[in-house]
Amino acid sequence: MTLLHPTFIRRQLATTRSQSLIFVLCVALSMVTLVALRGFGDSVDRALTRDARALIGADVVVQSNFAFDPAVDSAVEAIAARGAAETARTWEFYSVVRRPGEDGSLLSNLKVVDAGWPFYGTVELASGAALRAVLAPGRVIVEQALLDRLGVQVGDALRIGDATLTIADVITFEPDRPTTFFSLGPRVLVDGGDLAALNLVNPGSRVTYRWLLKAADPAAVDDLADEVRTVADRDFVRIDTFRTARTGVERFFTNFLFFLSLVGIFTLMLAGIGIQSSLTAFLRERHGTIAVAKTLGASSRFVTVNFYIVVLLLGAIGALLGILLGFVLQWTLPALLSGFLPPDIELTISTRAVVESALLGLVVVLLFTFLPLYRLEGLRPSFIFRKEEPPIVNRLPFALTLLLILGLFTGLVIWQLGDVRTALWFAGGALVLLLIAALLTEAALQLLKRWDVRWLPGRQALRGLFRPRNGTRAIVITLSTALGVLFCIFVIEQNLRASFVQSYPPDAPNVFFLDIQPDQQEAFAATLGMEADYVPAVRAALMAVNGAEPRRNPEGEDRGNGGEGGPEGGDGRRSPQYTLTYRAALAEGEMLVRGDSLFGDAETVNPVSVLQETADARGIDLGDVLSFNIQGVPLDATVTSIRKQDAGSVQPFFGFVFAPDVLTAAPQTIFTGVRVAPDEIAALQNRMVAAFPNVTVIDVTATIAQFASVVQRITQVVRFFSAFSILAGLLIVISSVYATRLARVQEAAYYKVLGATGGWVTAVFALENVLLGLLSAALALLMAQVAAWAIMTWLFELEYRFLPDASVAMIAITIAAVMLVGMVASIGILRSRPINFLRLQTENE
Amino acid sequence: MPAILSAEQITKSYVIGDRQIAVLDDVSFDVQPGEFVVIMGSSGSGKSTLLSVLSGLDQPSRGRIRIDGVDVTDWSEDRLAPIRNSTFGFVFQSFHLVPSLNALENVAFPAELRGDKDARTRARTLLERVGLGGRTTNFPHQLSGGEKQRVAICRALVNDPKIIFADEPTGNLDSKNGAGIIDLLIQLHRERQTTLVLVTHAPEVAEHAGRVITLADGKVVGDEYREENANGQRSTVN
């Protein structure tokens, strides 16, 4: 017997277009975000690889947060002397710059550079001139933001530290600082020859020191790096080549695109439900054909094979559409991510991306169509002719099929994420989420089923949810999961915003002064003229815990601890860097978790109290001996207590607090914070910086606002991607309306025959959609609020806000969207005259 | 007495492809209140179409339909709705019960639609009257064909309509159940003096009617009034 019947296949493709269209759209939807992200990720990778040298401005970069040991300087100078590399130094730090003789000062990100910087990439200036034609001793180049905020222009003087320099040009692009992701202040480029005149780089100052090397022989890059490594103290100096350096841009994109991929897979999963749902409806519409074909002697294999071809052809159209839309979406991403992107990113469609996307489409179609097609095997004509639901006769193959689908789905997630552990967690989490949504949906539907509504339109609308083949379950599960995730992200974002931005305690300091030298403290306090706590800060590396290397903590501690808090990435061999402090008692908002007192008994040598998060991250316990390296001086300390600090506290978090006498003599800077009326901040800043040019002033409210805007932009992108998953839910609503079209036409006809007006029937259908939207939104709200509460309470340990207005808005928008989609799909049904249905029924008798 | 239902020169035709097919051709007759009229004819004679046109479910291509002397031919669906709800009752061959409602709810539905507070009580009484007092909570798929049709009859009666339209009410039933349904319809027609317009192709059903209108190829080819003798048998009087 022939297995393939081209005419049969062609006819199936040509008829009943609505469900095939939804099927095609669901397949496209399942792929679109992943295709876009994959292509975009490739483009970002290519840009980063292409610009790897430009991103660090050199072949080798030697970097430290402390002044280099003379041995390092000698090693680099020796390399330069023998002509193996060109070298240049840079110093990067924050400082407040001023308009000389006038009010107006601004925290700026200074970069003092030797001639030669950058060895790779080009600094672009507004004038179009070359960097070195402009930057010379006595001149600075600044970002436009500085001109705007200080009200100065090119040619004006600028007071930086002890020097007065002339603004010579405006910087428009800096190759090793390509993003405006987050910065405390605008860039100011200063010539290396002015460094001493600034008088801003002092012991203990927060400066990033760099040596940049451009190898004479490109093959010798690694050797040069190794040569410097042999003399450098790896705990304080980090050495990278352009190949090993993971820049902030790269880290940001790796993490962000990875997260968006998770969102993409989530969309794929929900669209997968749409694929199953629409295919089931599509095949049901063909039950008559299948019954006749089987009655005329067609084998189950014939039916299954031919429908597989139909589904694969439709799937191919969907996959093609998905790939096309994915590439279109890819082109919109630069606009969404403007400011975060590497420069000159070239978006291309690689053969690899097309092949991988097509493969993804094939896997998606096979994965999510298997079950509905598998069910065709057991379909007997008698059930179809009698209009009965065929029973599931053999549950074992069904269960095995489900297991296979789960396995394939997990494989798909692993393939897309490229990280088995995360993929397994994600797949497991996503399935648990779906399971929870399914259980909640089932429970809610059971309750609704028992609800004896006496109001007639309400009762009929409610009953409509339970009409056979109504996709109520699929719709509610899909929509509630998609909305739940989306709303959860929104609630958390708003909660974080509320905790950090809106609820900044009214009495907490809003201006901080960093890098006060100990000998300046008295004069500083007198100039400040208001009461303030002066906190010493000592920078150090934690070398060992009980003689062993401290536990590595790739994720870092959850919160800042007053210092750099952990290795800066890259080689992963550096000892974690901390900022230590000393004081006699617990600070406000702190409490002891372990230990009788902060510093134990008087006999303990060098007692230290450890913050709970730091202790957990590094595997530190009471009584442990910690070995620190304080800028070259070793110090062993004994843990006398473990402290906890209120998460909402605005006090600085210190991982390690020593008793005063231990660190008094250590090289240190001092910082303090005061509360000032917002309109007085600028004047205070000007006054203090004029008197103490080396002191860094941070306006916390402005910083937090900038941070919040970055967070908001990122969550907007996440929301944009998550919105695709909601489309899956809405497509299932349309699929469900079409799948139950006959039943709905029947209901509408009966209502009208029994005396209902068209308006009444419309009201019942509208109400049914309202119930569907309400149920989905309510379950989404429940899941989102519980998850957000758990995350805020247990992960962030912050106050949780319910956001009633947003919750009501989410429910209203969901109801409106479901009703709009459902009613538009029902227009034909509502317009139909009852006689048409009755006549059709009579013909079918 | 004025006619409760009048058909005046009713013509109904359909266009199928490029052909126009006439289903009813110049059909005219009046129905008096309380009459039991059977419309007979072979399959395709146009009898079901005539019932649809008479009951306002379908509109004639030409001609007028009057209910209690009021011309309703051009009335919109919504204007006809209260007439369908309270003046008419429908019984169909395929029962057409709302699948999502149980027997009691199906019967009560037209009364509830009218806003009748006693809808459920009336429905229950009717169901008990037809012997379905114990099946009120059963859904249509849980009922036999005969039971479904009895529920449909109760539903047709719940608003005390003036006219009941029954389209092949025994068509989907076995002969025993079919006979039971006809007996029930006749009993209820007599008890309530409701006008009954019934379409059938079965002569044994027509034997119970007071008037038999016969259709052939869309035309009225016979209109006989019948009289019941002392034995309950009917014979033609005109």
Tell me whether region B:132-189 comes out rounded, prolate or oblate; compute the Cα gyration tensor, take square roots of the eigenvalues as a ≥ b ≥ c, and use a/c under 1.5 as the rounded threshold. oblate
For each pair in A:Lys294/B:Lys47; B:Lys47/B:Lys117; A:Lys752/B:Lys12; A:Lys294/A:Lys449; A:Lys449/B:Lys148, compute the distance between the two Cα atoms and list the pairs where it is over 31 Å. A:Lys294/B:Lys47; B:Lys47/B:Lys117; A:Lys294/A:Lys449
Gyration tensor on Cα atoms of region A:36-112, a ≥ b ≥ c root eigenvalues, a/c under 1.5 rounded, else prolate if a/b beats b/c, else oblate, says oblate
The set of residues whose placed amide H lies less than 5 Å from the amide H of B:Glu35, leaving out same-chain residues fewer than 5 positions away, is B:Leu196
Taking all protein chains in place and a 1.4 Å probe, what share, in percent, of the accessible surface of chain A do carbon and sulfur account for? 61
Can you tell me the 0 to 90 degree angle between the C-alpha axis of helix B:175-192 and the longest principal axis of chain B, rounded to 10? 90
In region A:397-500, which chymotrypsin sites (Phe, Trp or Tyr not before Pro) fall in coil by DSSP and have 10 or fewer other Cβ atoms within 10 Å? A:Trp451
A student applying the Cα gyration tensor rule (rounded when a/c is under 1.5; otherwise prolate if a/b is larger than b/c, oblate if not) would label region A:58-241 prolate
What whole-number distance in Å separates the alpha-carbon centres of region A:182-223 and region A:1-69? 39
Kindly provide the GluC sites (Glu not before Pro) of region A:440-532 that DSSP labels as loop, not H, G, I, E or B, and whose Cβ sees at most 14 other Cβ atoms within 10 Å. A:Glu531
Give me the angle, in degrees from 0 to 90, between the Cα long axis of helix B:119-129 and the longest principal axis of the Cα atoms of chain B, rounded to the nearest 10. 90
Calculated SAXS-style log₁₀ I(q)/I(0) at q = 0.06, 0.09 Å⁻¹ - the protein assembly as shown, Debye, Cα scatterers: -0.67, -1.07
Considering only C-alpha atoms, what is the centroid distance from region B:1-32 to region A:401-470, in Å? 54
When the helices in chain A are scored as -39500 (n - 2.57) per DSSP H run of 4 or longer and the sum is shared across all residues, what 222 nm value do you end up with, to the nearest 500 deg cm²/dmol? -17500 deg cm²/dmol
What helices does chain A hold that run 30 Å or longer along their axis, going by alpha-carbon atoms, with a Kyte-Doolittle average of -1.0 or more, using DSSP H for the helix calls? A:17-50, A:248-284, A:300-336, A:351-376, A:395-417, A:420-450, A:472-497, A:700-739, A:758-790, A:804-831
Between region A:314-329 and region A:94-108, the Cα center-to-center distance that results, in Å: 54
So which GluC sites (Glu not before Pro) in region A:578-680 pass both tests, a DSSP loop state and at most 12 other Cβ atoms within 10 Å of the Cβ? A:Glu588, A:Glu603
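The values are calculated or read from the model by the stated rules, or taken from the named source; none is laboratory data. Nothing here was measured: the structure is a model prediction, and the numbers come from that model. Glycine also receives a Cβ, built like all others from the backbone with ideal geometry; neighbour counts cover every protein chain displayed. The area values use the complete protein model at the heavy-atom level, side chains included, leaving out ligands, DNA and RNA. Shrake-Rupley method; radii C 1.70, N 1.55, O 1.52, S 1.80 Å.
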